[in-house]
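What follows draws every value from the coordinates through simple rules; no lab data is involved. These figures come from a predicted structure and were not determined experimentally. Positions of Cβ are backbone-derived with ideal geometry, glycine not excepted, and every protein chain shown enters the neighbour counts.
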Amino acid sequence: MRAVLLGLFVVAAVAALAATPINSGWVTRPFACDLGPSPDWLATIVNVRHLASFGVLAAVGFLAFIGRPVWAILLLLFAITAAVELEEAIFASGHCRARDLIPDVLAIGLGWLMALVLRGLLPALR
């Protein structure tokens, strides 16, 4: 089961990292990232796309790396989300906003909670 989860995690991480360059047709632009505050903090925090996609990635990651130090998994997941934002600053698809890291971090936390619940419900994941 762990091998399947690890494979799923790798596929999901590669898909997350490949989506922006592929959507842009590999067309680049000068680096552009919005580092300013949000005009609507609630919309920033409740970014359903980020919460869902990175939450699922995080849940699979936490399940795939059971027994590994939690800080290492957190660092890996944060690096993936930050890399996606940096890609949006470089490629002609998407919008890089530093504040998008807020829902990404929330999603990692939700993914961790989902993994804990799944481990409790499904003995094969323990």
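Some points to look at:
- GNM top mover of 61, 109, 36 - the chain, alpha-carbon springs below 10 Å: 36
- Close amide H contacts of residue 97 (hydrogens built in the peptide plane, cut-off under 5 Å, sequence separation of 5 or more or a different chain): 34.
- Protection proxy ranking of 68-76, 85-93 - average other beta-carbon atoms within 10 Å, highest first: 85-93, 68-76
- Relative contact order of the range 2-125, defined on C-alpha pairs under 8 angstrom at six or more residues apart (%): 41 percent
- 10 Å beta-carbon shell around residue 97, net charge (K/R +1, D/E -1): -3
- Gyration tensor (alpha-carbon) shape descriptor, the range 1-59, a/c threshold 1.5: oblate
- For the chain, built as a Gaussian network whose Cα springs stay under 10 Å, the top-fluctuating residue of 59, 43, 16: 43
- Within the listed set 79, 58, 12, the residue fluctuating most in the Gaussian network model of the chain (springs between alpha-carbon atoms under 10 angstrom) is 79.
- Label-to-label distance, nm, for residues given as residue 119 and residue 78 (7 Å Cα→Cβ offset): 2.0 nm
- Of every Cα-Cα pair in the chain, the percent that sits beyond 27 Å: 22 percent
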